[in-house]
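Student: After the structure tokens below, expect a handful of questions from me.
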Amino acid sequence: MTLKWNGVIQRKLALLDRQVMRLEDHLRDVSREQFVQNWAMRTISERAIQVCVEIMIDIAERIIALAGAGPTATAAEAIDRMVQLNVLQNAESYRSMVRMRNLIVHGYDEVNPDVLYDVVSGRLGDFRRFRDEIDRANQDAELSGGNSTAS
């Protein structure tokens, strides 16, 4: 990929970082049992995960548009396209987060608190890895002399 981006994408990456840090701070030293029993904690976590995944999807769609490689029909397709564009290494963990977002949004009455706890206690690093992969692709674009077209 020879495009360089900044602006909106960089702001969204910073927002993603803030969301993850806030969620980690909020859940520090919280046991599975405490989490499962605390409605407010689960609700905050659901919303934070939803926002984080929406940020990932927005970034993917923006990069795909800049590359002239879209549109895609679904968020999972957008993640796959990012792999095809060599922006992301592997789609599966990100597709898993998209599925979690879909469960939260469309199956909101059935979100299993144990599954949600597993995500917030063990999968937040996926968001950081996404950020790092986007940053790496942007640095590669800068080194190859890509055009700055995003804002």
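Yes/no matrix, rows are residues, columns are (1) modelled with pLDDT under 90; (2) out of contact with any helix residue (DSSP H, G or I) (no Cβ under 7 Å at 6 or more places or on another chain); (3) polar (S, T, N, Q):
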site: 99; (1), (2), (3): no, yes, no
site: 125; (1), (2), (3): no, yes, no
site: 130; (1), (2), (3): no, no, no
site: 133; (1), (2), (3): no, yes, no
site: 143; (1), (2), (3): yes, yes, no
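Student: Still on this structure: When you go through 47, 42 one by one, which is the residue that is in contact with a Pro (Cβ under 6 Å, 6 or more places away or on another chain) and modelled with pLDDT of 95 or more? Before the answer, list the steps.
Tutor: Working: 47 fails: in contact with a Pro (Cβ under 6 Å, 6 or more places away or on another chain).
Exactly one of 47, 42 is in contact with a Pro (Cβ under 6 Å, 6 or more places away or on another chain) and modelled with pLDDT of 95 or more, namely 42.
Residues checked against (1) surrounded by fewer than 13 Cβ atoms within 10 Å (Cβ to Cβ); (2) of a type outside the set (Ser, Thr, Tyr); (3) under 14 Å from the mean Cα position of the chain (by Cα):
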residue: 48; (1), (2), (3): no, yes, yes
residue: 56; (1), (2), (3): no, yes, yes
residue: 62; (1), (2), (3): no, yes, yes
residue: 73; (1), (2), (3): yes, yes, no
residue: 79; (1), (2), (3): no, yes, yes
residue: 114; (1), (2), (3): yes, yes, no
residue: 118; (1), (2), (3): no, yes, no
residue: 126; (1), (2), (3): no, yes, yes
residue: 130; (1), (2), (3): no, yes, yes
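Student: Sticking with this one: Can you say whether residue 48 is more than 13 Å from residue 134 (Cβ to Cβ) and touching a Leu at 6+ places or on another chain (Cβ under 7 Å), as far as the supplied structure shows?
Tutor: Yes, satisfied.
Conditions tested, residue by residue: (1) acidic (Asp, Glu); (2) over 15 Å from the mean Cα position of the chain (by Cα).
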{"site": "53", "(1), (2)": "no, no"}
{"site": "100", "(1), (2)": "no, no"}
{"site": "108", "(1), (2)": "no, yes"}
{"site": "135", "(1), (2)": "yes, no"}
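Student: Given the criteria within 17 Å of the chain's Cα centre (by Cα), part of a helix (DSSP H, G or I) and over 20 Å from residue 135 (Cβ atoms), does residue 10 qualify? If you could, list the steps in order and put the result at the bottom.
Tutor: On the way: within 17 Å of the chain's Cα centre (by Cα): yes; part of a helix (DSSP H, G or I): yes; over 20 Å from residue 135 (Cβ atoms): no.
So residue 10 fails the test.
Student: Ok, one more. If residue 115 passes every condition in (1) part of a helix (DSSP H, G or I); (2) closer than 22 Å to residue 15 by Cβ but one, which one does it miss?
Tutor: So residue 115 meets the others, but not (2).
Student: Within the stretch 6-25, track down each residue that is farther than 21 Å from residue 94 by Cα and modelled with pLDDT under 95.
Tutor: Across the stretch 6-25, the qualifying residues are 6, 7.
Student: Given the structure, is residue 56 within 19 Å of residue 128 (Cβ to Cβ) and in a helix (DSSP H, G or I)?
Tutor: Spelling it out, residue 56 is indeed within 19 Å of residue 128 (Cβ to Cβ) and in a helix (DSSP H, G or I).
Student: Restricting the search to the stretch 80-117, which residues are polar (S, T, N, Q) and over 26 Å from residue 37 (Cβ atoms)?
Tutor: Filtering the stretch 80-117 down to residues polar (S, T, N, Q) leaves 84, 86, 89-90, 93, 96, 102, 112.
Answer for the stretch 80-117, where residues must be polar (S, T, N, Q) and over 26 Å from residue 37 (Cβ atoms): 84, 86, 89, 90, 93.
Student: To continue, here is another question. Quick check on this structure: which one of 56, 41 is closer than 19 Å to residue 76 by Cα and touching a Phe, Trp or Tyr at 6+ places or on another chain (Cβ under 6 Å)?
Tutor: Testing whether each residue is closer than 19 Å to residue 76 by Cα and touching a Phe, Trp or Tyr at 6+ places or on another chain (Cβ under 6 Å) leaves just 56.
Student: Here's something else I'd like to know. For the stretch 65-83, how many residues are in a helix (DSSP H, G or I) and modelled with pLDDT under 95?
Tutor: Applying the first criterion (in a helix (DSSP H, G or I)) to the stretch 65-83 yields 65-66, 75-83.
So of that shortlist, the ones also modelled with pLDDT under 95 come out as 65-66.
Of the residues in the stretch 65-83, 2 are in a helix (DSSP H, G or I) and modelled with pLDDT under 95.
Student: Answer yes or no: is there a residue in the stretch 46-63 that is polar (S, T, N, Q) and touching a residue at least 40 places away in the same chain (Cβ under 8 Å).
Tutor: Yes, some residue in the stretch 46-63 is polar (S, T, N, Q) and touching a residue at least 40 places away in the same chain (Cβ under 8 Å).
The values are calculated or read from the model by the stated rules, or taken from the named source; none is laboratory data. Fair warning: this is a prediction, and the values are worked out from it, not measured in the lab. Ideal geometry is used to build each Cβ from the backbone, glycine not excepted, and the neighbour counts take in all protein chains shown.
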